[in-house]
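Quick notes on the structure that follows.
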Amino acid sequence: MEEEEQNVEKHFIGLDLSTQQIKAVVIDENLQVVAESAVHFDSMLPEYRTHGGVNISGNVVTAPTIMWVKGLDMLLDKLRVEGVEFSKVKGISGAGQQHGSVYWRIGAQKILEELQPERFLHDQLASAFSLLDSPIWMDSSTTDQCAQLEEFLGGPETLTALTGSRAYERFTVNQIKKISIEKKEVYLNTERISLVSSFAASIFAGKIVDIDWSDGSGMNLLNLTNKSWVPQILNFVGDDLEAKLGQVIRTDSIVGRISTYMQERYGFPEDCLIGAFTGDNPSSMAGLGIRKGDLGYSLGTSDTVFACVDQPNPQLTGHIFTNPIHTSAYMAMLCYKNGSLTRERVRNDFAEGSWEKFNQLLDSTPRGNFGNIGVYYDLPEIVPAGVQGDFRFNKSDEAVKKFSSAEMEIRALVEGQILAKRFHAERMGFRLGENGRVLVTGGASANKAILQVIADVFNSNVYSLPAVNSAALGGAYRALHLFKGGTEKISYDEVVSKLEAEITLAAEPNKDAATIYNKELLARFANLEQKVVKSMT
Ligand code: XUL
């Protein structure tokens, strides 16, 4: 009997509740993907009228919380129709877009515990939230709260040293503070506050679960050293905030077993474990199997770069988070708001909306773009903070209105985006290790022409994994790690060691790359970026 049990195939689900869609991957014990599916918000849930999964009103950016719930209903049904046997699933974990927050109204815990299996989740959770629209990472409406928080703590440096980041508008405590003032009744009616990640885990566990320490690092609230909430900052918002947030838990924790709702509605086994969900960037780090000396580069709605560091060295630019997998280390990260959507806009403006044409134009322009440099920010950027608009400079560093051809615009966009990552990453102390790799992920990592520019600008080989969805995969791998006993029993690196065979070389730097993308060019870029910052004030 025991032997039979051992021979039964075991599956693990990783989810990613990201900005534009919810994705799921199902893997087996050998890390092989056996199924994957997605629900795209704009096209599959048009009743919420989102654009890119969000609603933008000035600098306020939100997503309807119930849309995410309905998306989960649809995703689970889709997976079932596509033949996934939930009875084989032994573990679920996942990721959520970072910083976004969910406000459970008083009584929500009870609603979650009493869900009826014959009804959809979105039907039953319609009244579970005290705030209908969740603030998300693209929001930049909390400038006042950020200034107040930094002042309260004695300046941005103190906050940075304590929590790994200066005050950022999208970081959750600033969002909560704004709600507690501008929507007092909402705050008072709130039983618990979740991040998008812990909200998704709660739905599967059938109870409101705590926030993990990696995603929790994106709140301007977590003490990086002792890994608990900073009491002064809790008090700065309100003395009841701790009760609403709950405790901070390790990212490699089991938060519970699958809820009876999920067992009865979908046939999950009762021993299916739920691992803490985390932010999409920490989860991508897990999904890519990032080791020391590597750089992870995610090309998505937001572009992010991240690396594993032993000694945190927080800077006023960029973030230090608690590491999701190497529990004694940290994770350094830079996040850019203007990623895919800006690339799409420039593609539409200069390449007739065609990626093929975009790539042809990119390839037809020499590396270095004749000295032309451009930076394009559709939304107020994070790095550097607040810049917005298109800025173009010729080879003499003079501002110009337009470049003389579509191909120069396209190369300026791509080079500008990648130079920015290298410059800021190096300033934060990243150094590619001797055997260091640039590992790419995210939607645009399928674009070979863009990967070639990454290889050239970083003067490094660029590797990719066959599956583009590293955040969801990271969830599935972490669920498998927990199933195997977790960190106490086996290292995460050992659980994902088979990934090594799947990594493929996607681009190699050209011979002249190091001479073109050299220190002088980086210094020029830094200067021009400063010019842009100054022009905004
Ligand atoms: C990270 C950030 C974004 C979101 C996007 O700080 O804001 O990368 O996590 O999903």
Working only within segment 111-131, note down all residues that are hydrophobic (A, V, I, L, M, F, W, C), part of a loop (DSSP other than H, G, I, E, B) and either in contact with a Cys (Cβ under 8 Å, 6 or more places away or on another chain) or in contact (Cβ under 8 Å) with a residue 40 or more places away in the chain (or both).
-> 115, 120, 125, 126, 131
Single residue of segment 385-437 satisfying the filter (of a type in the set (Gly, Ala, Ser) and farther than 28 Å from residue 508 by Cα) that is surrounded by the most Cβ atoms within 10 Å (Cβ to Cβ) | 385
Can you tell me which residues in segment 484-493 are over 24 Å from the mean Cα position of the chain (by Cα) and either open to solvent by 40 Å² or more (accessible area, probe 1.4 Å) or at pLDDT below 95 (or both)?
-> 484, 488, 489
Assess whether residue 183 counts as being touching a residue at least 24 places away in the same chain (Cβ under 8 Å), open to solvent by 20 Å² or more (accessible area, probe 1.4 Å) and more than 30 Å from residue 266 (Cβ to Cβ).
-> yes
Considering (1) open to solvent by 10 Å² or more (accessible area, probe 1.4 Å); (2) not in a helix (DSSP H, G or I), say which one residue 87 fails and leave the rest.
-> (2)
Segment 282-297, subset over 11 Å from the mean Cα position of the chain (by Cα) and of a type in the set (A, V, I, L, M), residue nearest to residue 469 (Cα to Cα) | 288
Of 285, 262, which residue is within 16 Å of the ligand (Cβ to nearest atom), in a helix (DSSP H, G or I) and in contact (Cβ under 8 Å) with a residue 40 or more places away in the chain?
-> 285
Out of (1) assigned to a helix (DSSP H, G or I); (2) in contact with a strand residue (DSSP E or B) (Cβ under 9 Å, 6 or more places away or on another chain); (3) among the hydroxyl-bearing types (Ser, Thr, Tyr), the one residue 463 does not meet is (1)
Does segment 344-352 include one or more residues that are outside the structural domain of residue 117 (by TED's automatic domain parsing) and in contact with a His (Cβ under 9 Å, 6 or more places away or on another chain)?
-> no
Hey, residue 345 more than 15 Å from the chain's Cα centre (by Cα) and in a loop (DSSP other than H, G, I, E, B) or not | no
Does segment 55-72 include one or more residues that are away from the ligand (no atom under 16 Å from the Cβ) and under 18 Å from residue 269 (Cα atoms)?
-> no
Please verify whether segment 153-166 includes one or more residues that are under 30 Å from residue 316 (Cβ atoms), in a strand (DSSP E or B) and either open to solvent by 10 Å² or more (accessible area, probe 1.4 Å) or not aliphatic (A, V, I, L, M) (or both).
-> no
Any chance residue 224 is open to solvent by less than 10 Å² (accessible area, probe 1.4 Å) and assigned by TED's automatic domain parsing to the domain that holds residue 107 | yes
May I ask you to list pairs of residues, at least six apart or on different chains, whose Cβ atoms are under 8 Å apart, with the first in segment 363-389 being under 15 Å from residue 456 (Cβ atoms) and among the acidic types (Asp, Glu) and the second being away from the ligand (no atom under 15 Å from the Cβ) and outside any loop (DSSP other than H, G, I, E, B)?
-> 363/449; 363/452
Of (1) modelled with pLDDT of 95 or more; (2) more than 16 Å from the chain's Cα centre (by Cα), residue 324 satisfies every one except (2)
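The values are calculated or read from the model by the stated rules, or taken from the named source; none is laboratory data. Predicted, not measured: the structure shown is a model, and the values here were computed from it. Glycine gets a Cβ as well: all are built from the backbone with ideal geometry, and neighbour counts include every protein chain shown. We work out accessible area using only protein heavy atoms, side chains counted, and drop any ligands, DNA or RNA first. Shrake-Rupley method; radii C 1.70, N 1.55, O 1.52, S 1.80 Å.
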